[in-house]
Amino acid sequence: MPKMTGSRFFAEAMQAYGVTHIFFVPTMLLPAMAEMEDMNIRRVVTHGEKAAAYMADGYARASRKPGICMAQNIGGANLAAGLRDAYMACSPVIAITGGPDSDSMYRYLYQEVEDFSMFNPVTKFNARIDKLSRLPDLLRQAFREATTGAPRPVHLEMRGSHGQVIEEEGNLELIVEEQYKKYPAFRPEPEMDRVREAIKALTSAQKPVIVAGGGVTASQAQPEVVELAEKLSIPIATSLNGKGTISDNHPLALGVVGTYSRRCANQGVAEADLVFFIGSHTGSQVTNNWKIPRPGAAVIQLDISPADLGRNYPNSVSLLGDAKVTLRRLIEQLKPIEPRTNWVRRAQQLVSEWREEVAPLRNSDAVPMRPERLCKEITEFLPSNAVVVSDTGHSGIWTGTMIDLNKPGQRYIRCAGSLGWAFPASLGVKCALPDTPVLCFTGDGGFYYHLAELETAVRFGINAVIVVNDNRSLNQEIRLFDAAYGGKQRGKAREMWVFEDINLAKVAEAMGCFSARVEQPSELKGALERAFAANKPAVVDVASDINALAARAWS
Ligand SMILES: Cc1ncc(C[n+]2csc(CCOP(=O)(O)OP(=O)(O)O)c2C)c(N)n1
Ligand SMILES: [Mg+2]
């Protein structure tokens, strides 16, 4: 076995696993970072550990490889906080922190608290490396855990405030398991009896609907979902994680269903007599707090996690397997059926009614601008293969419902709930896909969280385009503040959700970005064109209507 330092081993292992970026705040594993000097790995130093975790998360979702982030002991809790979204969204982030050494435990070592347990709720595997001899197998295990089953974050705590355990020398053998470089590492096959039962149920239903979730995206099963739906005349709704499964202009597309949703999607799923959830947690968001589908509708579920089959809806058929191969088996076993003309027509009617309803807002020339108009302009501008990275709250609603993905290769990556995630995550996405146009959509409230990362983007030439729906406020909360005041806000209530009127384009410019401030809808297209052509990180600050609220979810 070759003798080397753990630092050298770590650098070689990262390279061998195909890691191209590590997101971190010094001082963690600095000798290992120095060992990477002549390797093709970018060491992206951020202005905060949470942003590093979000970048690694965006990188992982876009590249389908584990994203790596690191912090020394004092930044550990910050890093753990940043894993929450990755955990909820099933994204394989490997987080590495420094941790206690038995020589100095319980003695008030500078900057030390026991933070290992903070990683338990946000990881599927949380492990300590106390001895250098365990570095090789636990690093391999980290990649295995991250990329198998439903991908999720992993944490390795290395002994020493900044992981000094790996500065020692030992006999270390680098074994690279190719399988675990990317997810899904395995594509388990379903039981064929269940496949036949599912076909029977799908064929005999009168009004079936598919709900495609994040598992479809993870498995890259989008073509199979659409093929099955076309063969069986089944309208498709998606979760936000599943957006992009089907083109928004496809005759079977219902749109995003749930709380952040198109009315027509909720109506379509509510009218169904059978709902086929594919790679979906069937959580509160996609089901509008478990109100849709309606009680009485039959539910079929396909998932890679057995514990999720039937978790929220008793299943008439449960399919355990990888989405792509399982759907392929279904398609192979199908016999042609008569098209369900009436049901498909009904779904299309719901969609066109919704489109008519929102058209005045999407076409609005109002100043300050309506977010619906902003999303229409983005839809028209967005090139093939572009990735939209969306923040949560209103940003998730506006992009999920009002941006249409109609061109080949377009992708949508969404925040699972942590306000401020999208901007750093979009930088991670751009690191993973440097030749792909990446558009981040965020509110001003979300953008403020990690504004400092503009400097990171400039320093490393990470040329994402950030579109800020700038309403100078946390305006999604208007209704909640009204309700908190018993119906109508008074007194100083507005200071809890209205911000100073800051020209964020000037801030971005001062930090070295391309920037544009847009106040008229007609200026948007040109601003987007210039932002994508700028060859710099770009911020398009769009002054929008402080009173623009999204419609409540239909139920
Ligand atoms: C970490 C975190 N804290 C709080 C929230 C609650 N929250 C959701 S949306 C929102 C307001 C967002 O403001 P902004 O990004 O400006 O979007 P706007 O509603 O103004 O369009 C808040 C506070 C959250 N989702 N995540
Ligand atoms: Mg706002």
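Data table
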{"quantity": "Check on residue 499, surrounded by 21 or more Cβ atoms within 10 Å (Cβ to Cβ), within 11 Å of ligand 1 (Cβ to nearest atom) and closer than 27 Å to residue 49 by Cα", "calculated": "no"}
{"quantity": "Test: residue in region 66-74 that is touching a strand residue (DSSP E or B) at 6+ places or on another chain (Cβ under 6 Å), part of a loop (DSSP other than H, G, I, E, B) and not acidic (Asp, Glu)", "calculated": "yes"}
{"quantity": "Residue in region 437-458 that is more than 24 Å from the chain's Cα centre (by Cα) and of a type in the set (A, V, I, L, M, F, W, C) present", "calculated": "no"}
{"quantity": "Residue identified as surrounded by 14 or more Cβ atoms within 10 Å (Cβ to Cβ) and either closer than 18 Å to residue 361 by Cβ or of a type in the set (Lys, Arg) (or both) among 464, 548, 516, 527", "calculated": "548"}
{"quantity": "Which numbered condition residue 480 misses (of (1) within 16 Å of ligand 2 (Cβ to nearest atom); (2) in contact (Cβ under 8 Å) with a residue 12 or more places away in the chain; (3) hydrophobic (A, V, I, L, M, F, W, C); (4) farther than 23 Å from residue 85 by Cα)", "calculated": "(2)"}
{"quantity": "Among (1) touching a residue at least 24 places away in the same chain (Cβ under 8 Å); (2) surrounded by fewer than 16 Cβ atoms within 10 Å (Cβ to Cβ); (3) within 15 Å of ligand 1 (Cβ to nearest atom), the one test that residue 455 misses", "calculated": "(3)"}
{"quantity": "Strands (runs of 3 or more DSSP E) contained in region 3-62 and holding at least 3 residues crowded, with 21+ Cβ neighbours inside 10 Å", "calculated": "21-24"}
{"quantity": "Helices (runs of 4 or more DSSP H) contained entirely in region 135-254, each with at least 2 residues that are under 28 Å from residue 398 (Cα atoms) and in contact with a Pro (Cβ under 6 Å, 6 or more places away or on another chain)", "calculated": "none"}
{"quantity": "Breaking point among (1) surrounded by fewer than 21 Cβ atoms within 10 Å (Cβ to Cβ); (2) more than 27 Å from residue 19 (Cα to Cα); (3) hydroxyl-bearing (Ser, Thr, Tyr), for residue 395", "calculated": "(1)"}
{"quantity": "Selection within region 478-512 - closer than 30 Å to residue 363 by Cα and hydrophobic (A, V, I, L, M, F, W, C)", "calculated": "478, 480, 481, 497, 498, 499, 502, 504, 505, 507, 508"}
{"quantity": "Every pair of residues 6+ apart whose Cβ atoms lie under 7 Å, when the first sits in region 196-217 and is under 13 Å from residue 316 (Cβ atoms) while the second is surrounded by 24 or more Cβ atoms within 10 Å (Cβ to Cβ) and of a type outside the set (A, V, I, L, M)", "calculated": "202/208; 202/276; 208/276"}
{"quantity": "Filtered residues of region 293-330 (kept if free of Cβ contacts under 8 Å to residues at least 12 places away in the same chain and closer than 11 Å to residue 277 by Cα)", "calculated": "309, 310"}
{"quantity": "Some residue of region 465-478 being away from ligand 1 (no atom under 16 Å from the Cβ) and of a type outside the set (Val, Ile, Thr)", "calculated": "no"}
{"quantity": "Criterion: touching a residue at least 12 places away in the same chain (Cβ under 8 Å) and either within 27 Å of residue 80 (Cα to Cα) or among the small types (Gly, Ala, Ser) (or both) - qualifying residue of 167, 173", "calculated": "167"}
{"quantity": "Hits in region 380-414 (condition: more than 16 Å from ligand 2 (Cβ to nearest atom), at negative phi and in a loop (DSSP other than H, G, I, E, B))", "calculated": "382, 383, 384, 386, 403, 404, 405, 406, 407, 408, 410"}
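Bear in mind that the values in this text are calculations on the coordinates, not laboratory data. Everything numeric here is computed off the predicted structure, so don't read it as measured data. Every residue, glycine among them, receives a Cβ derived from its backbone with ideal geometry; neighbour counts consider all protein chains shown.
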